[in-house]
Amino acid sequence: MTEELSRLLQRADALLARVETLLPGPRTQRVEAPDWDASIAFRYRHRGNAAGGWLEPVRHVASITLADLREVEPQKERLVRNLEQFVTGRPANNVLLTGARGTGKSSLVKAGLNAFAPRGLRLIEVDKADLVDLPDLVERVAERPERFVVFCDDLSFDQGEPGYKALKSILDGSVAQSSDNVLIVATSNRRHLLPEYMAENLSYRHTEDGEVHPGEGVEEKISLSERFGLWVSFYPFAQDDYLAAAAGWLAQMGAGTPANAKEASERTREALQFALQRGSRSGRVAWQFAKHWAGAHALKRRS
């Protein structure tokens, strides 16, 4: 019996040794130094379980400017003021931009980068899946003279995702002090970054004096978004705002002024139909319509 047990253990050890050769190695969280002069924007890259990550320069950064963005003046003013504080070394808040899709959240971040890049602002885009490497990334750039925006676009989490805790810790909660040359900026269609369910309403507690207190699950969901010191909310465009944004993009594309009242009326009608087909009035749809109209009319003039 003892010999049989010994043989079984030997076979088990051999099997484990074979399995270990098939498993990925430990994920070494190391960021290779990029060519910092190659661009003003970088993407954090990490493939599978390869050892370490790296920063890849973005060769063609979006050329959008703050002046290009219309009908979002309050949001623009709040972000620009916060970035001004950040690049001048004054206290600044991490930023969460939330709201309706296509209303300019990501575009505003890109425009802010272009506005402040001559003063040392740089951007590092990080995918949600790589947020677990965020503490090491922040440590890697802590000694650099530039000011870094770590940008997470279209961010949202499902329950239990590892990046959730990493981001929460970096924002506020880690025993280590966050570097003062790093600012976290995220965009999301979800204000609290996590899915919210009707059943969670049942967790609210009602006190005798009429106050309402959320349950622990709701508190946990709110706790991440509350760690962003600046919330910037975006809203669906009214019809006039949408038409004004479309006119602005058309002017930039060289098709701004209609030749006559008939063409102006036709353009307005097509712009509204375009938005109706898309089921949305937003800055993004206005930009898409402007490309459609300007391109089609450029072809008409050639023919």
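The values are calculated or read from the model by the stated rules, or taken from the named source; none is laboratory data. Note that this is a predicted model, so its numbers are computed, not measured. Because the Cβ atoms are built from the backbone with ideal geometry, glycine has one as well, and the counts that use them run over all protein chains shown. With ligands, DNA and RNA removed, areas are computed over all heavy atoms of the protein, side chains included. Shrake-Rupley method; radii C 1.70, N 1.55, O 1.52, S 1.80 Å.
Annotations
- Within region 99-130, being assigned to a loop (DSSP other than H, G, I, E, B), surrounded by 23 or more Cβ atoms within 10 Å (Cβ to Cβ) and under 13 Å from the mean Cα position of the chain (by Cα) holds for 104, 126.
- Residue in region 178-189 that is over 13 Å from the mean Cα position of the chain (by Cα), modelled with pLDDT under 85, of a type outside the set (Phe, Trp, Tyr) and open to solvent by 10 Å² or more (accessible area, probe 1.4 Å) present: yes
- Against the numbered list (1) buried (at least 19 other Cβ atoms within 10 Å of the Cβ); (2) of a type in the set (Asp, Glu); (3) on the phi > 0 side of the Ramachandran plot, residue 133 comes up short only at (3).
- Applying a threshold of 7 Å to beta carbon distances and a minimum spacing of six or more residues, or different chains, the list of pairs starting in region 249-264 at a residue that is under 14 Å from residue 298 (Cα atoms) and ending at one that is not in a helix (DSSP H, G or I) reads 250/256.
- Qualifying residue in region 269-282 (condition: open to solvent by 50 Å² or more (accessible area, probe 1.4 Å) and not in a helix (DSSP H, G or I)): yes
- Considering region 71-98, and only residues there that are part of a loop (DSSP other than H, G, I, E, B) and either under 23 Å from residue 241 (Cβ atoms) or of a type in the set (A, V, I, L, M) (or both), the residue that is most open to solvent (accessible area, probe 1.4 Å) turns out to be 71.
- Subset tally (residues that are farther than 30 Å from residue 279 by Cβ, assigned to a loop (DSSP other than H, G, I, E, B) and in contact with a strand residue (DSSP E or B) (Cβ under 9 Å, 6 or more places away or on another chain)) for region 49-70: 3
- Neighbours by Cβ (under 6 Å, 6+ apart or cross-chain): first from region 269-282, over 15 Å from residue 245 (Cα atoms); second in a helix (DSSP H, G or I) and open to solvent by less than 60 Å² (accessible area, probe 1.4 Å): 278/285
- Some residue of region 209-230 being modelled with pLDDT under 85, in contact with a strand residue (DSSP E or B) (Cβ under 8 Å, 6 or more places away or on another chain) and among the hydrophobic types (A, V, I, L, M, F, W, C): yes
- Among the residues making up region 246-303, a single one is aromatic (Phe, Trp, Tyr), over 17 Å from residue 68 (Cα atoms) and at pLDDT 90 or above: 274.
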